[in-house]
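All of the numbers you see were taken from the coordinates with simple rules; none came from a lab. No experiment lies behind these values; they were computed from the predicted model shown. Neighbour counts are summed over all protein chains in view; Cβ atoms, including those assigned to glycine, are modelled from backbone coordinates with ideal geometry.
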Amino acid sequence: MSELPAAQQLALENWAGNAIKAGWLPNDAAESLQDAVVASPSHLFETSNRPLVVGLFGGTGVGKSTLLNRFAGEAIARASAERPTSRDITVYVHRSISVDKLPDNFPMHKMRTALHSNAELKHVMFIDMPDFDSVETANRELVDTWLPHLDVVLYVVSPDRYRDDQGWRLLLEHVTQHAWLFVMNHWDRGDPRQLEDFRAQLAAAGLHDPVLFHTDSSSQPNKDADQFNALHTFIQNAADHSIISSLEELGVVARLKSLRDLSEPWLTQLGSESTFKTLAKQWDSHWDSHGNLIKDSQAFKFKQYAENFTEPGGFWFKRLRGEMAQSKETPPADTLVDEALLARLDNGVADFIHQQAQTLNLPSAAIKQRVAEPYALARRDIATTLSTQVEKSLALPGNAFHRWVHKLLGFLTIILPLASMAWIGYRVVNAFVEGGSNPAAYLGSSFTINAALLVALAWGLPAFLQAKTRPSQVQAALRGLNLGLDAALLQIKNANTQALTDLAQQSSQLSAEYSELWQNIAGANSDNLPDPVRRMLADEVSGSVQRALDVRANTHNSTDKAPVS
Ligand SMILES: Nc1nc2c(ncn2[C@@H]2O[C@H](COP(=O)(O)OP(=O)(O)OP(=O)(O)O)[C@@H](O)[C@H]2O)c(=O)[nH]1
Ligand SMILES: [Mg+2]
C-alpha cells in the first residue's frame, strides 16, 4: 500500500509524457508532480510492525527539545536559550526497533539517535526537528525531508507565537497528509484566550476539534497548568498497531489525493466532446469562406493563364479550311501553385488553429501536430490536382450537348456536300441521257453555277457552324483551373476534418487512460479510528486548505500576532 503513491506518480508521469509528446500539455507539466509527497513513515522500516512516528515541529524556542527530554525523562536533546538550538534531528526510539530503511537522500550526519528501554513508549518513535522558520535554510530542508515520514505531527507553539507565518503555511500545505497534535508550551506565560483563538484558527484549517494540550515545561512547572501527562497518555494510546496501519493508509490516500489534485487540472487541457464538435463545425465554415477568398485571389491569374489557349488569330475561312486551333506554348498548370498561393493556404490553416485554440481553450500545439501531416500531404497534391483537372477539361472541352452538336456539324460537312453532289450527278446523268433525243435537255451554264453554289453551301454552312460551335479552349482551361482549385481546397478540408476527428479521439483516449489510472484506487476511511485519534485528522477536503488560506488572506494583518501577549 505504501508503495502506491510512488507507483502512481510514475504512472502519471508516463501519462503526462505521452500527453506532452502529443502537444496537449506544456513541456514542464510533469514537473509539478515532483512536488508531490510520495514517501511515507513505513519507508523507514523493514518490518510492518513499525512504531508510530511522531515529529516535534514548531518555531525556534517553543520548547520542542525540552518536550522530547520530558518524554525521555532525561536530557537526550539539547535545549537551551541559544537560538536556534537544534540543528540536527534527534530520533528517540526504543532499542528493539531498528530504523533500517532510511532513504539514500537522508542527511545522516544530521541525525542523532537516542535509544531507550522505556516500555511505555515502545511503539512510538519521536523525532525532534529543528525549527522550520530558522534563518538556517539547512534546518528547513531537514524538516522538509523528514516531514513525509511522520504519522503524527506534534505541532508545538508558544502563547506569544502560535501563528508563525512559515509554520502555518506548512500546516496548511500538509494538513491532510498527517495526523496533527497541538501543544501550547510555555503555558506558564499563557492565557486561555490564546488557546481558544488558536483552536478557532485550526478549525478554519480543517481541524474542527483539534487535540490541543497546554504544557508548562519550565524548571518549576505549575502542575495544574501542565497537561504533559495527558499528552503522554494520548500518544501512548495512539501507538496501537491498528491505529498505526490506519494512519498509514490514510496517509497513502492523502498522498494519492494530492497527486490527483496536482494532475487533474491537466484534463482541462484536453477539451470535451462538445469542444471538438464546435471545432469541426468551425473548421467547415472557416475553410469555406477562406476558400472563397483564395478563389477570388486566383481569378485574375487563372484568367490570364487560360488565355494562353486562345485560338490563333486569323480569318474564319482559315478555319473553314479545317485548320485546327493551335495552342500557344503554355507553361504547365502546376506553375500556378506558387509561393503566394501556398502562403495563403498555410495562413488559412494557421489562423484557424490559432483562433480556435484561444476561443475553445485548447492547446494549439496539439491541433498543429495532428493537422501537420495530413495537411502537408494535401498541400503537396495541389499542383497535381490542378494539372490533372486542366488536362481533363482541355481533353473534353464544353459540355456533352455542345460536343455532340459540334460532332454532328462535322458529320454534316461531309454528308451534305456528298448528298448535293449526288443529286447534281443524278441531274447531269439524266440530262445526258435525255440530251440524245432532246438537245434542249442538256444542262445550261446557270445549272453549273447553281450546282457549284449548292455544293459550296452544303459544305460551307455546316463547316462555318462547326467552327463557330467549337468548344472554347480558353473556357475549358479556365474551367479546369477552377475545378482543380475546388478539388484541392476540398482535399485540404477533408484532410483537416479527418485530423480533427483524430484529435478528438486522441483526447478522449487520454482522458480514458487518465481515469483508468485511478480506477482501482479506493479511498480510505477513518471510521475505524478511535474518536480522539480521528480528531487529529483534518477534513477530507482540499477545500479546507483553500478556505483556511482565504481566511488567512482576509485576516492577515489582524491575526499574524497573538491577540494577547
Ligand atoms: N518558561 C518556560 N521555558 C521553557 C518552556 N519550555 C522550554 N523552555 C525553555 O525555552 C528554551 C528553548 O527551548 P528548546 O527546547 O531548546 O526549544 P526548541 O523548540 O527545541 O528550539 P530550537 O531547537 O531552536 O528549534 C529553553 O531554554 C527551555 O528551557 C516552558 O514551558 N516554559
Ligand atoms: Mg530544539
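A few remarks follow.
- Distance from the alpha carbon centroid of the range 189-245 to that of the range 417-452 works out to 140 angstrom.
- Candidates ILE235, VAL38, PHE213 compared by Cα position along the dipole of the chain: farthest toward the positive end lies VAL38, with charges placed on Cβ.
- Proportion of all alpha-carbon pairs of the chain beyond 39 Å (%): 57 percent
- Per-peptide packing, taken as the mean over residues of other Cβ atoms within 10 Å, places 70-77, 476-483, 275-282 in the sequence 476-483, 70-77, 275-282 from highest down.
- Size of electric dipole in the chain: Cβ of Lys, Arg +1 and of Asp, Glu -1, about Cα centre, debye, nearest 20: 3360 debye
- Projected over all directions and averaged, the alpha-carbon convex hull of the range 1-59 occupies 5.9 nm².
- Cα gyration tensor shape for the range 356-481, rounded if a/c is under 1.5, else prolate or oblate: prolate
- Computed FRET value (nearest 0.05) for ARG199 with ASP288, which takes r as the C-beta separation and R₀ as 51 Å: 0.15
- Only beta bridges with both residues in the chain are counted; by DSSP, about 15 percent of them are antiparallel.
- Ordering of 203-215, 227-239 by packing [mean C-beta count within 10 Å, highest first]: 203-215, 227-239
- Computed over the range 190-278: relative contact order in percent, which uses C-alpha pairs under 8 Å that are six or more apart: 12 percent
- Applying a DSSP loop filter and a limit of 13 other Cβ atoms within 10 Å to the GluC sites (Glu not before Pro) in the range 227-313 leaves nothing.
- Cα gyration tensor shape for the range 399-470, rounded if a/c is under 1.5, else prolate or oblate: prolate
- Put simply, when 388-397, 357-366 are sorted by average Cβ atoms within 10 angstrom per residue, most first, you get 388-397, 357-366.
- Whichever aspartates and glutamates have a C-alpha closer than 17 Å to that of LYS110, once near sequence neighbours (fewer than 8 apart) are set aside: ASP88, ASP100, ASP128, ASP131, GLU136, GLU141, ASP144
- Ranking of LEU25, LEU44 by count of other Cβ atoms within 10 Å, fewest first: LEU25, LEU44
- Note on LYS223: aspartates and glutamates with a C-alpha under 17 Å away, same-chain residues under 8 apart excluded, are ASP188, ASP191.
- Working note: 222 nm ellipticity from helices only, DSSP H runs with n ≥ 4, each -39,500 (n - 2.57), summed and divided by the residues of the chain, gives -19000 deg cm²/dmol to the nearest 500.
- Entry note, the range 358-461: relative contact order of 28 percent, from Cα contacts under 8 Å with a spacing of 6+ residues.
- 20 Å Cα-Cα threshold exceeded, pairs from LYS301/LYS493; LYS21/LYS493; LYS392/LYS493; LYS295/LYS493: LYS301/LYS493; LYS21/LYS493; LYS392/LYS493
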